[in-house]
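Down below is the structure, laid out as structure tokens.
The values are calculated or read from the model by the stated rules, or taken from the named source; none is laboratory data. Since this is a predicted model, take the numbers as computed values, not measurements. Please note: Cβ atoms are built from the backbone with ideal geometry, for glycine as well, and neighbour counts cover all protein chains shown.
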Amino acid sequence: MLFSTEIFLARFHQHVQKQHEKAWHDWHIKLCTFKVNDLVLLYDIRFGRFLEKFRMHYLGAYVIKEITNCGAIQLAKLNGDPFLGKVNGSQLKPYIGDLAR
């Protein structure tokens, strides 16, 4: 049977470990703030099922048309056609490139 001090120490070390993991996770979060009319790439969700080494993981480029308070983003194609549905901001990546091809 464990004594109360051993239980206290175990819980204390568990709490310290959780704080350490949270600090590490928070340090490695990459915040991307998007604005209306920014160009973005959309993550291809099919990539997770079909792992192909040289396949492009992102679709796009798209233009951001609307951003809601909860973080959902309405996209549009470059020609102005609306993208069906809204996407989560975590599925987007800023587009850095030249559109004149």
Pair list, Cβ under 9 Å, 6 or more apart: the stretch 69-85 residue under 19 Å from residue 99 (Cα atoms) and not assigned by TED's automatic domain parsing to the domain that holds residue 43, other residue at pLDDT below 95 and part of a strand (DSSP E or B): none
Residues within the stretch 85-96 that are loosely packed, with under 10 Cβ neighbours inside 10 Å and assigned to a loop (DSSP other than H, G, I, E, B), tallied: 1
Complete set of residues in the stretch 84-101 that are of a type in the set (A, V, I, L, M, F, W, C) and under 20 Å from residue 33 (Cα atoms): 87, 92, 96
Within the stretch 11-84, strands (runs of 3 or more DSSP E) holding 1 or more residues that are hydroxyl-bearing (Ser, Thr, Tyr): 39-43, 58-67
